[in-house]
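Structure first, then comments.
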Amino acid sequence: MTYQANLGTAAALGVLLLAAPAAAQTGPGVPGGGMGPPRALAHVPAWADRLFDRLDANQDGAVTGDELAVLSRGPAGAMGGSRLRRMIGQSDASNDGRISREEMTAGAQRMFNRMDANGDGLLSETERPRPAAPPASPAMPMPAAEPETMPFPDMAGGV
């Protein structure tokens with residue numbers, strides 16, 4: 001999977017994990033609302049604001065590693081939230097361990113531009129991220145029948 005595809009997957013996960021409550025408030029027909037990243041570059045700032053508001057749990061104006069940690073635990077972690085956490089962490093342009101609203105918006109715009117392969121400012125269906133496939137179960141062969149018993153010497157020295 002390419003770096004661009006990983007970002008798209010992370011974006012899709014982020015929306016599924018964080019923007020669903022916002023979708024209920026804004027509705028799928030509202031620009032930048034609903035599931036998935038915004039379809040137009042012009043809607044990215046509003047989308048990034050909603051994402052920032054969801055992550056800034058203590059409402060101090062910055063998203064920190066502690067607030068991002070929720071993406072690596074529980075159901076969010078099981079759905080690949082740690083990839084979203086890394087992507088959002090890359091938005092910290094000042095490298096101070098705190099992501100401001102402006103850094104989040106700039107990071108979301110970079111993400112959108114990476115997905116917008118033809119550069120027209122709109123995401124077509126082929127450019128929009130797809131959710132990650134569920135993890136495959138481990139390929140471990142299972143015994144087809146009861147295993148044969150191994151002969152052990154008895155106490156008298158026989159087999």
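Some observations on this one:
- The order of the peptides 104-115, 61-72 by mean Cβ neighbours within 10 Å, most packed first, is 104-115, 61-72.
- Note on residue 114 and residue 130: their simple-model spin labels are 1.9 nm apart, each label 7 Å out from Cα toward Cβ.
- Cβ crowding within 10 Å averaged over residues, with 92-102, 43-53 ranked highest first: 43-53, 92-102
- Once the Cα-Cα distance is subtracted from the 0.36 nm per residue extended length, the residue 43 to residue 90 segment shows a gain of 14.8 nm.
- Once the gyration tensor of the Cα atoms in the range 50-134 is diagonalised, the equivalent ellipsoid follows with semi-axes of 23, 18, 10 Å, ordered largest first.
Rule-based calculations on the coordinates, nothing more; no lab input. Just so it is clear, the model here is predicted, and its values are computed rather than measured. Positions of Cβ are backbone-derived with ideal geometry, glycine not excepted, and every protein chain shown enters the neighbour counts.
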